[in-house]
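K.L.:
Have a look at the structure that comes next, please.
Derivation of every value follows stated rules applied to the coordinates shown; laboratory data play no part. Keep in mind it's a predicted model, so treat the numbers as computed, not measured. All Cβ positions, glycine included, derive from the backbone under ideal geometry; neighbour counts span all protein chains shown.
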Amino acid sequence: MRISVPPMAETDDLVELWIRLAKGQRAYGSHLRADKNRARIRESITRHVASDHMLVARDEDLLGFVMFRIEQGNYEQDITRGVVENLFVRSERRNEGIGTRLLQAAEQSLSELGVETVAVETMANNEDARRFYREHGYSPHRIELEKPIQPEKTG
């Protein structure tokens with residue numbers, strides 16, 4: 001298995017993998033509409049590939065990917081944070097160390113860019129992903145809470 005920056009020619013394949021990722025996250029409560037974000041994710045993947053902020057794992061086939069960036073917000077912080085935005089491994093190839101290798105490669109790339117800490121988000125109900133990140137040294141930093149609002153009933 002090799003980890004590398006993908007060529008631009010693989011953008012369509014990467015978009016399809018991202019669509020699989022987004023569809024799979026619906027089971028954990030994600031609100032993303034996978035297919036309706038196809039054009040937006042194509043643009044994002046293109047930017048990530050062009051900036052070397054996307055890595056893929058492959059043998060004969062494309063096995064998975066990781067997208068990452070340096071966090072740039074509106075507020076000054078006392079550290080430089082990297083963000084792992086998406087990490088995906090084909091379901092039939094999980095538990096083979098592919099996700100670990102992708103995560104480590106992203107962390108290494110971010111470290112070389114001067115990042116001091118790395119953040120990642122996962123759906124609260126995705127216990128497998130939460131366990132994976134805990135096993136790799138990640139711990140909760142900020143918790144996002146959500147509540148559906150019910151329209152008032154009249155009548």
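K.L.:
Under the rule of -39500 (n - 2.57) per DSSP H run of 4 or more residues, summed and divided by the residues of the chain, what mean residue ellipticity at 222 nm is obtained, to the nearest 500 deg cm²/dmol?
P.N.:
It comes out at -10500 deg cm²/dmol, rounded to the nearest 500.
K.L.:
Which one, 34, 44, 70, is farthest towards the positive end of the dipole of the stretch 24-73 when Lys and Arg carry +1 and Asp and Glu -1 on their Cβ?
P.N.:
34
K.L.:
Report relative contact order for the chain in percent, whole number only (criteria: Cα-Cα under 8 Å, sequence separation at least 6).
P.N.:
Reported as a whole number, the value is 21 percent.
K.L.:
Among 21, 79, 119, pick out the residue whose Cα is farthest towards the positive end of the charge dipole of the chain, where Lys and Arg carry +1 and Asp and Glu carry -1 on C-beta, about the Cα centre.
P.N.:
21
K.L.:
Short version: ³J(HN,Hα) in whole Hz for each residue of the stretch 52-68, in order, from phi by Karplus 6.51 cos²θ - 1.76 cosθ + 1.60 (θ = phi - 60°), x for Gly and Pro, what are they?
P.N.:
In residue order, the calculated couplings are 6, 10, 9, 10, 10, 10, 8, 10, 6, 10, 6, 9, x, 8, 9, 10, 8 Hz.
K.L.:
A follow-up question, please. Counting only GluC sites (Glu not before Pro) that are in a DSSP loop and have at most 12 other C-beta atoms within 10 Å, tell me the longest site-free stretch of the chain.
P.N.:
Free of exposed loop sites, the longest segment is 1-59.
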